[in-house]
Amino acid sequence: MAQMNDLAVLVKELEEQLVTCIRCGMCQSVCPLFEQTRKEADVARGKLALLSGLMENIFEDPSGVSQRLNKCLLCGSCAANCPSGVNVLEIFIKARAILTEYTGLSPVKQLIFKRMLANPKIFDTLTQWAGRFQNLFIKDQANAQGTSCARLVSPLLAGRHVLPMAKNPFHKSLADLSRTPLAKGNKKDSGLRALFFTGCLIDKIFPNVAHASVKVLTHHGVGLSIPQGQGCCGIPALASGDRETFTRLVDHHLDLFKNEKFDVLITACATCTSTIKKLWPTLYKNPTSGVKEQLDALSQRTMDINQFLVDRVKPDFGKDAPSVSGPSGEIVTYHDPCHLKKSLGVAAQPRKIIRAAGKTLVEMEDSDKCCGMGGSFNLFHYDVSASIGNLKQKNIADTGCTTLLTGCPACMMQISDMLARNKQNIKVCHPMEVYARALEEKIK
Amino acid sequence: MISQSVVNELKKIVGPEHLLTEREDMLTYSYDAAVLDSQMPCAAVMPGTSPEVGRIVALCHENRIPITVRGSGTNLSGGTIPESKGIVLLTGRLNKIIEINEQDMYAVVQPGVVTASLAAAVEKRGLFYPPDPGSQAVSTLGGNVAENAGGLRGLKYGVTKDYVMGLHFFDAQGRYVKTGSRTVKCATGYNITGLMTGSEGTLGIFDEIILKLIPAPIARQSMVAVFDTIDAASETVAAIIAARIVPATLEILDNFTIRAVEDFSHAGLPVDAAALLLIEVDGHPVVVAEEGEKVESLCRKMGAKNIKRAETDEERDKIWAARRSALSALAKLKPTLVLEDATVPRSKIPEMVRALQEIAKKYQIDIGTFGHAGDGNLHPTILTDRRNTEEFKRVEEAIEAIFDKALALGGTLSGEHGTGIAKAPFLEKETGFSSILFSRQLRSALDPHNILNPGKITGVSK
């Protein structure tokens, strides 16, 4: 097969990274997918072996490898636990791109990524229209999570509890925000200037997280700029192997940020932070001179909002913080998003903030175990995604908490679905939301 | 290859979702953790119950199809590579802890239970399952028993074979065999339990394993001793044993390994030390205190320039985390890592350590040496790149030199990784041909069609 030989040549680009796997199999102990299926092709060692197989040209067509490669949460648990330090995520994403460029993107994905996601304006308009009509198709379940279900039997939604699109996406309120002075109660200027990257899910489904973040940062005297016209960080396209759309989106933002003055780029979304920090510099396609340096510099300045608040703003939580109720506060628990703890090593900071907000934090078992969302993994492998998520909701419920906190909107969606399916009376929030609320109460 | 009708039968036994035959999946069951050529099976089957296992074995016996059992595929001697292209039987779904009996101190498990999960489950009840192979976080108990796996605690607590009280297994024809019992003593029949432990899937396929548990030690004391020469460190090992002290763990790290671990983990190890001994004594608090003192003064007498005791649990964890990261740290240095486990009588440790350094020099290869010095089981770890054929040839020669030295000192080719494919060609050197013949006769009587993991242990003839 001459063509498969071409593919083998392309995959050879990954050889130096592939040979670092010594096949010890330690990834099996942490892979949430393997725990469910016990199949070697579902764990990193198996997938790396399959890529070596492609490189050695032993398959007649790439679809079997491609299918197995895509069945992965990209949670990075394997990489975080790998004795040989194999850069699993980078290899998998690069391999997905090679395979997608070789076989072509499916028509549906072409439509979604190239026509919609790549154009932030069109994407905003489309999602706004979808938001207006969503109630024709889904019905509010009047539960703690605020989820909705399909009105009729729907193959697309199955039994999912989805979170509806917000009536007013965050970007619509930007014009008003730019006129808001620093919140009252704190006149100090921290001297720090931050650029806030909203991210799709926060903009369109959880605008309250963005509002809360703005409130918290202005309270602590951080100067903010939130450029209009932001789009997606590019991870959905990249995970499907569409490096072109990803690169177009990175370009769009580089251009947008060009004239902004800021010390730090912050996001309240674990996935956006980790994408900007780790994937923008490494997976941008064919960077022209200067772009790579620009991306590296931006990566250096990119931070999760919890980490920024605790490590850079360093408020004196004893004095500045809203903590009023002390340890008698509401019982909450915290889920570590893979893209925060495993990818960026951020775990202590959100906990500090939660305590500063006067909550009683009860740790759940395996707080850093993946929730099973994995972006589009949830769309294509809902059954496995739900059984992984079910373990998570059980651990959450076992703490006896009334609110689950986590620093990633994608985890918030998955966990809301899982808690709602199991009729748990537990709210799902971002640490910034509870912290901002505590601030408001204090100011009152 | 297997016929379509056998595939259909297998599908009937386990259900279509638990039978894999696609080429992609076969590739993922073609290797284990050993540095050997891979070989694809023609099917992989995942039974969920013991009757299913029995029916699979009987079907394979009838159709003369080789079976290789696979737990987590962490084998370091090629035992789980399906060399004869038969089927791979996966134990992943046979992963229940059937019973933990606190009164009689034993556990009954299915073969697919992960070692660390049993250890954690019994620890919750104040009991102790000591065997702790390096891969315990993923390795299965079925695999541990089949390979007679060891670990860090071999010196005082022994290895897997010392904890197997009884077994239920299917023989090569799919008939059910019970051996051993739930009692401390058992004198009925042959000691088939002993024979099956370390049989590497060549004599039967496990269904249930009865494992001995012991009370957890009440107190522990860990320490690190720093030496200027590796000779002094290895002489100290011999001296501790000679003083009739049996630490739970007595590990050595050479300078090459110390530097790799420090680069990797920044644990604060002395990178200029020629060798470190990591020692832990455990048991009754009074005994622990007394033995701790004795070990410390022995180390000093033997020339340790610095000894640090762990004062808190965190300090203790740090010591053992450094040891556990030795392999990882070395693995990061080069693409291929060959982990050997030639073992010598413990008094011969100084001589073996010296020989390893000479071998590294002679063949011009990188060898990091660490391991269970207290039980004579060192892990010379060779760092190479298998794609460099010229260097890999020297690596193979060095391995043979290590084997020869271990045997010359009255030792064995493998302390804990098993014979598998990797050491089968060398076994005759250790045991003589008549011993291999004896094993072969035993095997052909029990498995007339040679379907149980063919090619392993006794597979190579001169």
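The values are calculated or read from the model by the stated rules, or taken from the named source; none is laboratory data. Just so we're clear, the structure is a prediction, and the values are computed from it rather than from any experiment. As a convention, Cβ positions derive from the backbone with ideal geometry for all residues, glycine included, and neighbour counts pool all protein chains shown.
When A:E60 is tested against (1) part of a helix (DSSP H, G or I); (2) within 14 Å of chain B (Cβ to nearest Cβ); (3) acidic (D, E), exactly one condition is not met: (1).
Here B:Y190 passes the criteria (1) in contact (Cβ under 8 Å) with a residue 40 or more places away in the chain; (2) within 30 Å of B:V344 (Cα to Cα); (3) part of a loop (DSSP other than H, G, I, E, B); (4) not polar (S, T, N, Q) except the one numbered (1).
Suppose we filter A:R45, A:R23, A:R38, A:R96 for residues that are more than 18 Å from B:A331 (Cβ to Cβ), of a type in the set (K, R) and within 9 Å of chain B (Cβ to nearest Cβ); which single one remains? So that I can check it myself, show each step before the final result.
Working: A:R45 fails: more than 18 Å from B:A331 (Cβ to Cβ); A:R23 fails: more than 18 Å from B:A331 (Cβ to Cβ); A:R96 fails: within 9 Å of chain B (Cβ to nearest Cβ).
Only one candidate qualifies: A:R38.
Is it the case that region B:201-214 has a residue that's without any contact (Cβ under 8 Å) to a residue 40 or more places away in the chain, surrounded by 15 or more Cβ atoms within 10 Å (Cβ to Cβ) and not assigned by TED's automatic domain parsing to the domain that holds B:R70? Talk me through it step by step, then tell me what you get.
Here is the first cut: in region B:201-214, the ones without any contact (Cβ under 8 Å) to a residue 40 or more places away in the chain are none.
No, the conditions are met nowhere in region B:201-214.
If you go through region A:63-82 one residue at a time, how many are at the interface with another protein chain (Cβ under 10 Å from one of its Cβ atoms), basic (K, R) and in a loop (DSSP other than H, G, I, E, B)? Result for region A:63-82: 0. Among the residues of region B:399-446, those identified as outside the structural domain of B:E351 (by TED's automatic domain parsing), within 23 Å of B:I81 (Cα to Cα) and of a type in the set (D, E) are B:E416, B:E428.
Set side by side, the residues B:A225, B:A219 differ, and just one is out of contact with any Pro (no Cβ under 6 Å at 6 or more places or on another chain) and either assigned by TED's automatic domain parsing to the domain that holds B:A273 or within 30 Å of B:E314 (Cα to Cα) (or both), which is B:A225.
Of all residues in region B:6-27, none that is at positive phi and free of Cβ contacts under 8 Å to residues at least 40 places away in the same chain has its Cβ atom under 6 Å from the Cβ atom of a residue that is part of a helix (DSSP H, G or I) and of a type in the set (S, T, Y), 6 or more apart or on another chain. Scanning region B:36-50 for residues that are over 13 Å from B:I87 (Cα atoms) and in contact with a strand residue (DSSP E or B) (Cβ under 8 Å, 6 or more places away or on another chain) yields one hit, B:S50. The criterion of at least 3 residues that are within 15 Å of the chain's Cα centre (by Cα) and either surrounded by fewer than 17 Cβ atoms within 10 Å (Cβ to Cβ) or touching a residue at least 40 places away in the same chain (Cβ under 8 Å) (or both) is met by the following helices (runs of 4 or more DSSP H) wholly inside region A:330-389: A:338-344.
Taken together, the residues in region A:296-315 that are touching a Pro at 6+ places or on another chain (Cβ under 6 Å) and buried (at least 19 other Cβ atoms within 10 Å of the Cβ) amount to 1. Among the residues of region A:73-90, those identified as buried (at least 21 other Cβ atoms within 10 Å of the Cβ) and under 21 Å from the mean Cα position of the chain (by Cα) are A:L73, A:L74, A:C75, A:G76, A:S77, A:C78, A:A79, A:V88, A:L89. Among the conditions (1) at pLDDT below 95; (2) buried (at least 16 other Cβ atoms within 10 Å of the Cβ); (3) assigned to a helix (DSSP H, G or I), the only one that B:I359 does not satisfy is (1). Pairing each residue of region A:288-305 that is over 11 Å from A:L265 (Cβ atoms) with any residue that is of a type in the set (A, V, I, L, M), provided the two are 6+ apart or on different chains, yields C-beta distances under 7 Å for A:Q294/A:L254.
Any chance region B:7-14 includes a residue that's part of a loop (DSSP other than H, G, I, E, B) and either of a type outside the set (G, A, S) or more than 10 Å from chain A (Cβ to nearest Cβ) (or both)?
Here is the first cut: in region B:7-14, the residues part of a loop (DSSP other than H, G, I, E, B) are none.
No, the conditions are met nowhere in region B:7-14.
When the residues of region B:19-52 are filtered to those that are more than 22 Å from B:T419 (Cβ to Cβ) and among the acidic types (D, E), which remaining residue is farthest from the other protein chains (Cβ to nearest Cβ)? Walk me through how you get there before you give the answer.
In the first step, residues of region B:19-52 are kept if they are more than 22 Å from B:T419 (Cβ to Cβ); the result is B:19-28, B:40, B:42-52.
Adding the requirement that they be among the acidic types (D, E) leaves B:22, B:24-25, B:52.
Numbers: B:E22: 6, B:E24: 4, B:D25: 5, B:E52: 15 Å.
Checked region B:19-52; the qualifying residue farthest from the other protein chains (Cβ to nearest Cβ) is B:E52.
Candidates A:F113, A:F133, A:F123: the one that is farther than 30 Å from A:N5 by Cα, of a type in the set (A, V, I, L, M, F, W, C), in a helix (DSSP H, G or I) and in contact (Cβ under 8 Å) with a residue 40 or more places away in the chain is A:F123. The single condition among (1) assigned to a helix (DSSP H, G or I); (2) of a type outside the set (S, T, Y); (3) surrounded by fewer than 21 Cβ atoms within 10 Å (Cβ to Cβ) that A:L50 does not satisfy is (3).
Pairs linking a residue in region B:116-132 that is touching a residue at least 60 places away in the same chain (Cβ under 8 Å) to a residue that is aromatic (F, W, Y), with Cβ atoms under 6 Å and 6 or more positions apart or on different chains, are B:L118/B:Y129; B:V122/B:Y129; B:P130/B:Y157. Screening region A:147-160 for residues that are more than 12 Å from A:Y382 (Cβ to Cβ), in a loop (DSSP other than H, G, I, E, B) and not charged (D, E, K, R) and picking the one that is nearest to the chain's Cα centre (by Cα) gives A:T147. Here is a list of conditions, (1) modelled with pLDDT of 95 or more; (2) out of contact with any Phe, Trp or Tyr (no Cβ under 9 Å at 6 or more places or on another chain); (3) not β-branched (V, I, T), and A:F246 meets all of them except one; can you say which number that is? Failed condition: (2). Examine region B:375-393 for a residue that is assigned to a loop (DSSP other than H, G, I, E, B), of a type in the set (A, V, I, L, M), closer than 30 Å to B:L152 by Cβ and more than 14 Å from chain A (Cβ to nearest Cβ), and state whether such a residue exists. No, because not a single residue in region B:375-393 is assigned to a loop (DSSP other than H, G, I, E, B), of a type in the set (A, V, I, L, M), closer than 30 Å to B:L152 by Cβ and more than 14 Å from chain A (Cβ to nearest Cβ). What's the total number of residues in region B:51-78 that are crowded, with 19+ Cβ neighbours inside 10 Å and either small (G, A, S) or on the phi > 0 side of the Ramachandran plot (or both)? Matching residues across region B:51-78 total 6. Screening A:V9 on (1) in a helix (DSSP H, G or I); (2) in contact (Cβ under 8 Å) with a residue 12 or more places away in the chain; (3) more than 8 Å from chain B (Cβ to nearest Cβ) shows it passes everything except condition (2). Kindly check whether there is at least one residue in region B:170-177 that is more than 14 Å from chain A (Cβ to nearest Cβ), surrounded by fewer than 22 Cβ atoms within 10 Å (Cβ to Cβ) and β-branched (V, I, T). Yes, region B:170-177 contains a residue that is more than 14 Å from chain A (Cβ to nearest Cβ), surrounded by fewer than 22 Cβ atoms within 10 Å (Cβ to Cβ) and β-branched (V, I, T).
Please find, within region A:161-178, the residue that is farthest from the chain's Cα centre (by Cα) out of those that are surrounded by 13 or more Cβ atoms within 10 Å (Cβ to Cβ) and part of a helix (DSSP H, G or I). By that ranking, first place goes to A:L177.
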